[in-house]
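*Asks:* Sharing a structure with you now.
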Amino acid sequence: MIPVGFAYERPSSVDGALALLAEHGEEASVMAGGHSLLPVMKLRLAAPELIIDISKLSELSYVKVDGDEVAIGAGTRHSTVERSDVLAAESPLLAGVARTVGDPQVRHRGTIGGSLAHADPASDLPAAVLALGGTVVLRSPRGTRSVPITEFFTGVFSTAKEPDELLVEIRVPRTGGAGWAYEKFTRRANDWAIVGVAVVDGRVGLVNMGQTPLRATATEEALAGGASIADAAALADQGTEPPEDLAGTKEYRRHLARVLTRRALTTAAGG
Amino acid sequence: MSIMGTRVRRVEDPVFLTRGATYTDDLTDERLSGALHLTFVRSPMAHARITGVDTTAAREAPGVVAVITADEMDLEPTKHFPAVPDAMARPWLAKDTVRFVGEPVAAVLTEHAYQGEDAAELVEVDYDPLPAVTTLKQALADETLLFPEAGTNLAVAFGGEDEFSDDLFADCEVVVTQEIVNQRVAAAPLETRGAAAAWGEDGRVTLFASTQNAQQTKGEVAGWLGVDPGLVHVITPDVGGGFGAKIGADPEFALVAWLARHVGRPVRWNESRSENMTGMLQGRAQLQTITIGGNRDGKVLAYRLDVLADAGAYPRIGVALPTFTRMMAGGVYDIPKVETRARVLVTNTTSTGAYRGAGRPEATAAIERAIDLFAAEIGKDVAEVRKLNVPPPDAFPYTNKGGAQYDSGEYAKAIDTVLEAAGYQGLRAEQKARRERGEVLQLGIGLSCFVEITAGGMTAEDATVEVHPDGTVTVLTGTSPHGQGHATAWAMLASEKLGIPVEKITVKHGDTDLIPKGIGTMGSRSLQTGGVAVYQAAGELADLAKQRAADLLEANVDDLEVADGAVRVAGTGTSITLAELAEKDQLRIESHWDGQMPSFPFGAHLAVVELDIESGKAVVDRILTIDDAGTILNPLLAEGQRHGGIAQGIAQALLEEVVYDADGNPLTATFADYGIPSAAELPSFTLLTMETPTHLNPIGAKGIGEAGTIGATPAVQSAVCDAVAHLGIRHIDMPATPLRVWTAINAAQNGSDA
Ligand SMILES: Cc1cc2nc3c(=O)[nH]c(=O)nc-3n(C[C@H](O)[C@H](O)[C@H](O)COP(=O)(O)OP(=O)(O)OC[C@H]3O[C@@H](n4cnc5c(N)ncnc54)[C@H](O)[C@@H]3O)c2cc1C
């Protein structure tokens, strides 16, 4: 449970971090909250030669309204997202989902950027941003680009982010008073989701139902076509390839996705 | 006023809550200065032949002082349980074959701990995989043998084929049989295993070790090393939990001491959580076949329990536990005919040992399930059937069919008490209403009634009490607290006899030079053995003080009384303090107590679960318990024991299970995968009071450490089954995870995916 030796740098600015990333490329790992990175390093499943600690970069920690969107700095802790007044008013789903991540200790360390960059299909926030139809902002010395969240996740633990890029911002639409709900199904309060379903404004994001977070498109289309919640929810597992592990078989996860989608849609509809 | 029975706060806690405990890994003892750190290279394979070990690269890594393999060791493989075949001896480091994931293959000694992990990765071991035996039925088939020279995977059999009669159930109107799993669980103490050893100029070794009993550890380690026990000095620092899995010495302890001698430097070892989850003894692991028969009026006439128990790869103390399971098979019930047998088998998994309850929870879970199934079959209420079959209070002492003599018990009263406190009839009405309304959240009510054996087998303990000239008191005990609060409880017992406040009384334990005799803390034995020994020693000390004071005060011994730390002539102002007496001559008593017989605490638990029939998730809404452990010395400590036990009991019923895949890879080796509960998974507990004293000792106390795991587990399992009983489900194995419950519901609804 001791990681392989590594060098450590704590740049004082995003530009400093980008310079280090550009220089060291794939040999380096950015560390934000460290709550996904350090466990894999301790188990020696990852052995970066250089750790670039961005956890203290205040320029990456903010939540603000920007036009039709809310912009969230990638280094914003889950606990801040959870308690943000801006999000409570403008995108309550995100705050509500952040509240279900791990336990208070985890939420005080982990960051929204780290959660998205890590791209664990069992994580909560990626599916929430997907349901919201957000965008991620990536920066490198080559420039800054925005990637729609629908194109960001490319597989288990993999994203469209290049090795020299830093995830700097997450942008989500202001959903205001639109109905939302998050159904996270776990065995224990601080576990990862066996299946999770995030619903906002008629869009449905699924946690742990495939290689990446997924949208329940069949359900969304049915709803748009005027189907009842029960009928639409019955389609929630369509097109999914859920994993199989001790907590659930494929069949069980498909079943849960349907049940939880129905419950989340009902809650979001004010029922 | 007597201090007995009062809620004295734990004297241990101020240090734990401020500075923190000193566990083996925290020691800064000068004997350990310059110690090397031991890192094990452990097998990643469950069953394989070792075809080569190359340590060249590791030996050259930074900080490496030695890399040891089986070839360099002169210790013979050793059996860790006498009655098993010789071929099942465990090598200290695997030589030709590895038999479980986590088995030590090589030992790396480095100046710093981190260097050890780096170097261990460089040890190259070539494995030639063998088929793994991971289930008891596979082991029984004897197709793959762990120890071919033994010719069988059977480590021990208790009771043969001829134990079972053909006509056991001949008189019964109803017979029900069921195979049930009492799953393997991990002890998972917060402090993982650790030890440190330093050999002195005098040829003696000081072994610091995280254990539940220093004296047994000393004997075992001396035996394994082949040295005179007088050369081994074991010291037990603070121990962060054991739950039975730290009873005695681990084989790793002997390696730590052997390596320290081999390289001529102190050695320390502390395992990681991942190592702990595969290296430390695990518990339960029984596959039981129960058959129960009786009449439609509810009377049980015969019961059979057939046990397959998992020893893990190398038989250790877990092998012995089915004897408790057999002895306690009939539980609280007066069943005319009871037959049992147990076969203990080796598998390519972590070895098993004692785990909170150790053999008795397995018995209770089986008989309680059997009673439920029988009641369901005849359509009678589970509480009614239970009460119909328990012996009345005047039947005690009562000898059960396993030969155990129950000292005292009022089982029907325990059942009635929990039923009444829970509002049983109201709960049944609520359950019925929810069923009729077809609600998603169904109610399940589970009842268990249990009797267990405490201080089983080891009924004696020693204590020394000494009053010092400054008025303070030292108590030496052979018990070995690791969370139980003996420093508080034993001080209360001495205080009661001497009238000296607990703040002035220091309880010492776990140092074999200071306290050569002791059995330790396990099997809910400590208060009724070690505690009573302290009570007796303090009483004898008071008598000694009176005798000495009689001369000094020119009074008759019969007119003297000990109170407030002094000997007084009753009814006068004349007195002399115990401190003054100690100043004149050492005031110290060594005493030996032997209660001769174990005691049999009992109780009843009632659990209410809410079960989401769509998802299969069950949540314990309420649990009410009677845990009658005789007279309670300190309710605060007793409640703490009950709380912890109930939590662990609920966790076995709903969450915890050590799982291996078909190749013998552990799938639950981290706390992310292994289901230890947090407070969030548990309701508040309703602890009900009942104290039926035992006549076996002067304070009337029985053991309480394991009651929770014995009573809560079957109550919760039963509640889960009860919640879905209306769907035609009779039994769901533990842990009743959402997946397992949903699978059962799904199957009951004809395999349709609801
Ligand atoms: C006990 C425990 C329980 C948990 N429970 C949950 C749970 O229930 N639900 C859940 O969703 N998560 C859970 N997590 C994960 C937690 O939310 C993590 O904090 C999160 O997934 C990663 O965020 P981090 O800031 O810690 O990232 P880090 O661990 O620092 O980094 C993770 C990865 O992302 C990269 N990275 C981080 N930030 C950036 C960036 N700005 N730009 C580019 N790359 C970046 C790193 O290089 C690394 O590869 C749990 C973690 C623990 C330890």
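The values are calculated or read from the model by the stated rules, or taken from the named source; none is laboratory data. Not measured: the values here are computed from a predicted model. Using ideal geometry, Cβ is built from the backbone for each residue, glycine included, and neighbour counts are taken over all protein chains shown. Keep in mind that these areas ignore ligands, DNA and RNA; they rest on the heavy atoms of the full protein, side chains included. Shrake-Rupley method; radii C 1.70, N 1.55, O 1.52, S 1.80 Å.
*Asks:* How much area per residue is accessible in segment A:46-174 when the probe is 1.4 Å and only protein heavy atoms are counted (Å²)?
*Replies:* On the way: 4790 Å² over 129 residues.
Result: 37 Å² of accessible area for each residue.
*Asks:* Tell me the relative contact order for chain B as a rounded percent, counting alpha carbon contacts under 8 Å between residues six or more apart.
*Replies:* 15 percent
*Asks:* Moving on. Could you grab the relative contact order for segment A:58-173? Cα pairs under 8 Å, six or more apart, rounded to a whole percent. Show your work: numbers first, answer last.
*Replies:* Details: 221 pairs, mean separation 32.2, N = 116.
The normalised contact order for segment A:58-173 reaches 28 percent.
*Asks:* Given a 1.4 angstrom probe, I'd like the percentage of the accessible area of segment B:184-330 that is carbon and sulfur, rounded to a whole number.
*Replies:* Details: 1850 of 3430 Å².
That share works out to 54 percent.
*Asks:* When a/c reaches 1.5 or more, the comparison of a/b and b/c decides; with that in mind, is chain B rounded, prolate or oblate per its Cα gyration tensor?
*Replies:* Here chain B falls in the oblate category.
*Asks:* Hey, can you list the residues from segment A:162-185 whose accessible area shrinks by 40 Å² or more with all protein chains present, relative to the chain by itself (probe 1.4 Å, no ligands or nucleic acids)?
*Replies:* The answer is A:Phe185.
*Asks:* Applying the Karplus parametrisation 6.51 cos²θ - 1.76 cosθ + 1.60 with θ = phi - 60° to the phi angles of segment B:378-383, what ³J(HN,Hα) value in whole Hz is obtained for each residue in order, glycine and proline being reported as x?
*Replies:* Listing the rounded values in order: 8, x, 10, 5, 5, 6 Hz.
*Asks:* Here is a follow-up. Tell me, which residues of segment A:19-46 get at least 40 Å² less accessible area when the other protein chains come in, versus the chain alone (1.4 Å probe)?
*Replies:* Relative to the lone chain, where solvent access is computed with a 1.4 Å probe, segment A:19-46 loses at least 40 Å² at A:Arg44.
*Asks:* Counting heavy atoms of the protein chains only and a 1.4 Å probe, report the per residue accessible area for segment B:34-130 as a whole number of Å².
*Replies:* On the way: 4020 Å² over 97 residues.
Result: 41 Å² of accessible area for each residue.
*Asks:* Using amide H atoms built in the peptide plane, which far-off residues or other-chain residues are under 5 Å from A:Arg215 H to H?
*Replies:* For A:Arg215, whose amide H was placed from the backbone, the distant partners under 5 Å are A:Leu206.
*Asks:* Can you list the residues in segment B:662-696 whose accessible area drops by at least 30 Å² when all protein chains are present, compared with the chain alone? Use a 1.4 Å probe, heavy atoms only.
*Replies:* Correct list: B:Ala672, B:Glu681.
*Asks:* Okay, moving on. What are the residues whose amide H is under 5 Å from the amide H of B:Leu301, where those residues sit 5 or more places off or on another chain and H is modelled from the backbone?
*Replies:* Distant-sequence amide H within range of B:Leu301: B:Gly293, B:Gly294, B:Asn295.
*Asks:* Moving on to the next point. Past the 44 angstrom mark, what percentage of all C-alpha to C-alpha distances in the protein assembly as shown do you count? Mind dumping the intermediate values first?
*Replies:* Numbers: 222106 of 524800 pairs.
Taking all Cα-Cα pairs of the protein assembly as shown, the fraction more than 44 Å apart is 42 percent.
*Asks:* Here's another thing I want to ask about it. What spacing in nm lies between the two simple spin-label points modelled at A:Arg10 and B:Ser165, each 7 Å away from Cα in the Cβ direction?
*Replies:* Here the modelled spin labels are 7.7 nm apart.
*Asks:* Pop out the Kirkwood hydrodynamic radius of segment B:27-77 from its pairwise C-alpha distances, inverse of mean 1/r, in Å to one decimal.
*Replies:* Details: mean 1/r = 0.0714 Å⁻¹.
Computed over Cα pairs of segment B:27-77, the Kirkwood hydrodynamic radius comes out at 14.0 Å.
*Asks:* Right, another one. Can you list the lysines whose alpha carbon is less than 25 Å from that of B:Lys95, not counting same-chain residues fewer than 8 positions off?
*Replies:* B:Lys95 reaches B:Lys79.
*Asks:* Under 5 Å between amide hydrogens, which residues at least 5 positions from A:Ala46 or on another chain qualify, with H placed 1.01 Å from N in the peptide plane?
*Replies:* A:Met41
*Asks:* Excluding residues on the same chain fewer than 8 positions from A:Lys64, give the lysines whose Cα lies under 29 Å from its Cα.
*Replies:* A:Lys56, A:Lys161, A:Lys184
*Asks:* Next up: What whole number of Å gives the distance from the Cα centroid of segment B:165-239 to the Cα centroid of segment A:173-233?
*Replies:* Going from one Cα centre to the other spans 50 Å.
*Asks:* Taking N as the number of residues in segment A:1-137, what is its alpha-carbon radius of gyration divided by 2.2 N^0.38 Å? Can you show the working numbers first?
*Replies:* Numbers: Rg = 15.2 Å, N = 137, 2.2 N^0.38 = 14.3 Å.
The reported ratio for this selection is 1.07.
*Asks:* Give the cross-link partners of B:Lys299 among the lysines, using a straight C-alpha distance below 18 Å as the criterion and excluding same-chain residues fewer than 8 apart.
*Replies:* Candidates past the 8-residue exclusion: B:Lys337, B:Lys380, B:Lys387, B:Lys401.
*Asks:* OK, next. Any idea of the accessible area per residue across segment B:671-754, 1.4 Å probe, to the nearest Å²?
*Replies:* Here the residues of segment B:671-754 average 34 Å² of exposed surface.
*Asks:* From the phi of every residue in segment B:130-135, what ³J(HN,Hα) in whole Hz does the Karplus formula 6.51 cos²θ - 1.76 cosθ + 1.60 yield, where θ is phi - 60° and glycine or proline is x?
*Replies:* Here the 3J(HN,Hα) series is 10, x, 9, 9, 10, 10 Hz.
*Asks:* Here's another thing I want to ask about it. Ignoring solvent entirely, what values of log10 I(q)/I(0) come out of the Debye formula for segment B:457-594 at 0.12 Å⁻¹ when each Cα is a single scatterer?
*Replies:* -0.45
*Asks:* Using helices alone, what [θ] at 222 nm do you get for chain B, with -39,500 (n - 2.57) per DSSP H run of 4 or more residues, divided over all residues and rounded to the nearest 500? Present the calculation step by step, with values, prior to reporting the outcome.
*Replies:* Details: 18 runs with 204 residues, N = 754.
About -8500 deg cm²/dmol.
*Asks:* A further question on this structure: Can you give me the Cα centroid spacing of segment B:269-317 and segment B:519-535 in angstrom?
*Replies:* That distance is 26 Å.
*Asks:* Whole Å is fine, so just give me how far the alpha carbon centre of segment B:709-741 lies from that of segment B:13-80.
*Replies:* That distance is 42 Å.
*Asks:* What angle, in degrees between 0 and 90 and rounded to the nearest 10, separates the Cα long axis of helix A:250-268 from the longest principal axis of the Cα atoms of chain A?
*Replies:* Orientation of helix A:250-268: about 80 degrees from the principal axis.
*Asks:* Quick check: pseudo-label points 7 Å beyond the Cα along Cα→Cβ at A:Ser158 and A:Asp103, how many nm apart are they?
*Replies:* That separation, rounded to one decimal, is 3.4 nm.
*Asks:* Separate question: Looking at the square roots a ≥ b ≥ c of the eigenvalues of the Cα gyration tensor of segment A:139-186, which shape do they give, rounded for a/c under 1.5, prolate if a/b is larger than b/c, or oblate? If you can, show how the numbers build up before the last one.
*Replies:* Values: a/c = 3.21, a/b = 1.61, b/c = 1.99.
Oblate is the answer for segment A:139-186, as a/c is 1.5 or above yet b/c matches or exceeds a/b.
*Asks:* Tally up the carbon and sulfur contribution to the accessible surface of segment B:415-567 as a whole percent, 1.4 Å probe, everything protein left in place. Intermediate results must be reported in sequence, preceding the final value.
*Replies:* Working: 2570 of 5370 Å².
Answer for segment B:415-567: carbon and sulfur cover 48 percent of the accessible area.
*Asks:* Holding the Cα-Cα limit at 24 Å, pick out from B:Lys497/B:Lys546; B:Lys246/B:Lys413; B:Lys504/B:Lys702; B:Lys246/B:Lys617; A:Lys250/B:Lys137 the pairs that are longer than that. Present the calculation step by step, with values, prior to reporting the outcome.
*Replies:* On the way: B:Lys497/B:Lys546 12 Å; B:Lys246/B:Lys413 36 Å; B:Lys504/B:Lys702 27 Å; B:Lys246/B:Lys617 33 Å; A:Lys250/B:Lys137 27 Å.
Violating the 24 Å Cα-Cα cut-off are B:Lys246/B:Lys413; B:Lys504/B:Lys702; B:Lys246/B:Lys617; A:Lys250/B:Lys137.
*Asks:* A follow-up question, please. At the nearest 100 Å², what buried accessible area, both sides summed, do you get for B and A when the probe is 1.4 Å? Display every interim value, and only then the final one.
*Replies:* Numbers: alone 27800 and 12220 Å², together 37690 Å².
Interface between B and A: roughly 2300 Å².
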